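Colleague: Below you will find the structure I want to go over with you.
The values are calculated or read from the model by the stated rules, or taken from the named source; none is laboratory data. Just so we're clear, the structure is a prediction, and the values are computed from it rather than from any experiment. A quick note on method: Cβ atoms are made from the backbone with ideal geometry, for glycine too, and the neighbour counts reach across all protein chains shown.
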Amino acid sequence: MSDTPKTDTGTDAAIVTAYLEASMVPDPERAAGYMAPGIEIVFTGARVFRHPREVTAFNAGRYAWVKKRMERLDVVPGEGFTTVYSLGTLYGEWPDGTPFEGNRYVDRFTVRGGLIVTMEVWNDSAERLLTKHGVSA
C-alpha cells in the first residue's frame, strides 16, 4: 500500500476551471489564488511566467481581448497529483480590432494538494498572426 495521498480529480478539475474563468475576466490576483507559490507557467515559444499578472500583461500585447471556449477537460489521475487538459478555442480581437475565432488551444495543468503547480499553454495564435501578415509558415 502506498503512502501517496489519493487525488480528487473532480475537485482538481474544478480548480482548473475556476482558474481559467478568473484569468479570462481578467482577474490575475484571484487566478493566482489557485496556483502554488513558485508556479511555472510556460507558454508557446518557451515563454516562462511566474504569476498570472505576467500572463495578463503578455496577452494585452498580443490581443485587444481574448476569451476561451472551453470545449472539454481531460482529467488524468496520478499518484498524489492530477493532470488536467483544457481543450477548446480562443476568440477575441487582434490589437488592430480584427475579430478572430476558432483559434485552437490546449492548456495542461498539474494539480497537487489543491493548487496548480504547473501550467503549459499551446495555441495557434502565432500561426494565425503569420498568416494575417502574409507570411506562410
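Colleague: Check whether at least one residue in the range 24-33 is in contact (Cβ under 8 Å) with a residue 60 or more places away in the chain and either in a strand (DSSP E or B) or not aromatic (F, W, Y) (or both), and report yes or no. Explain how you work it out, then say what you get.
Modeller: Pass one, the range 24-33, residues in contact (Cβ under 8 Å) with a residue 60 or more places away in the chain: none.
Looking for residues that are in contact (Cβ under 8 Å) with a residue 60 or more places away in the chain and either in a strand (DSSP E or B) or not aromatic (F, W, Y) (or both), one finds none in the range 24-33, hence no.
Colleague: Here's something else I'd like to know. State yes or no: is S86 within 25 Å of D124 (Cβ to Cβ), in contact with a helix residue (DSSP H, G or I) (Cβ under 7 Å, 6 or more places away or on another chain), among the polar types (S, T, N, Q) and free of Cβ contacts under 8 Å to residues at least 60 places away in the same chain?
Modeller: On the way: within 25 Å of D124 (Cβ to Cβ): yes; in contact with a helix residue (DSSP H, G or I) (Cβ under 7 Å, 6 or more places away or on another chain): yes; among the polar types (S, T, N, Q): yes; free of Cβ contacts under 8 Å to residues at least 60 places away in the same chain: no.
Spelling it out, it is not the case that S86 is within 25 Å of D124 (Cβ to Cβ), in contact with a helix residue (DSSP H, G or I) (Cβ under 7 Å, 6 or more places away or on another chain), among the polar types (S, T, N, Q) and free of Cβ contacts under 8 Å to residues at least 60 places away in the same chain.
Colleague: Let me ask you something else. Out of all the residues in the range 6-23, is one or more closer than 18 Å to S125 by Cα and surrounded by fewer than 18 Cβ atoms within 10 Å (Cβ to Cβ)?
Modeller: No: the range 6-23 contains no residue that is closer than 18 Å to S125 by Cα and surrounded by fewer than 18 Cβ atoms within 10 Å (Cβ to Cβ).
Colleague: If the requirement is being of a type in the set (G, A, S) and under 14 Å from the mean Cα position of the chain (by Cα), which of these qualifies: G61, G88, G78?
Modeller: Working: G61 fails: under 14 Å from the mean Cα position of the chain (by Cα); G78 fails: under 14 Å from the mean Cα position of the chain (by Cα).
Exactly one of G61, G88, G78 is of a type in the set (G, A, S) and under 14 Å from the mean Cα position of the chain (by Cα), namely G88.
Colleague: Could you pull out the residue among D3, D27 that is surrounded by fewer than 17 Cβ atoms within 10 Å (Cβ to Cβ) and modelled with pLDDT under 95?
Modeller: That would be D3, the only listed residue that is surrounded by fewer than 17 Cβ atoms within 10 Å (Cβ to Cβ) and modelled with pLDDT under 95.
Colleague: May I pose another question? Which one is surrounded by the most Cβ atoms within 10 Å (Cβ to Cβ), of the residues in the range 115-133 that are at pLDDT 90 or above and of a type outside the set (S, T, N, Q)?
Modeller: M119
Colleague: Got at least one residue in the range 45-61 being hydroxyl-bearing (S, T, Y), free of Cβ contacts under 8 Å to residues at least 24 places away in the same chain and either surrounded by 15 or more Cβ atoms within 10 Å (Cβ to Cβ) or out of contact with any helix residue (DSSP H, G or I) (no Cβ under 7 Å at 6 or more places or on another chain) (or both)?
Modeller: no
Colleague: Here's something else I'd like to know. Is there a residue being under 17 Å from A18 (Cβ atoms) and surrounded by 14 or more Cβ atoms within 10 Å (Cβ to Cβ) anywhere in the range 71-79?
Modeller: yes
Colleague: Give me a count of the residues in the range 34-44 that are more than 12 Å from the chain's Cα centre (by Cα) and exposed (fewer than 15 other Cβ atoms within 10 Å of the Cβ).
Modeller: Counting residues in the range 34-44 that are more than 12 Å from the chain's Cα centre (by Cα) and exposed (fewer than 15 other Cβ atoms within 10 Å of the Cβ) gives 2.
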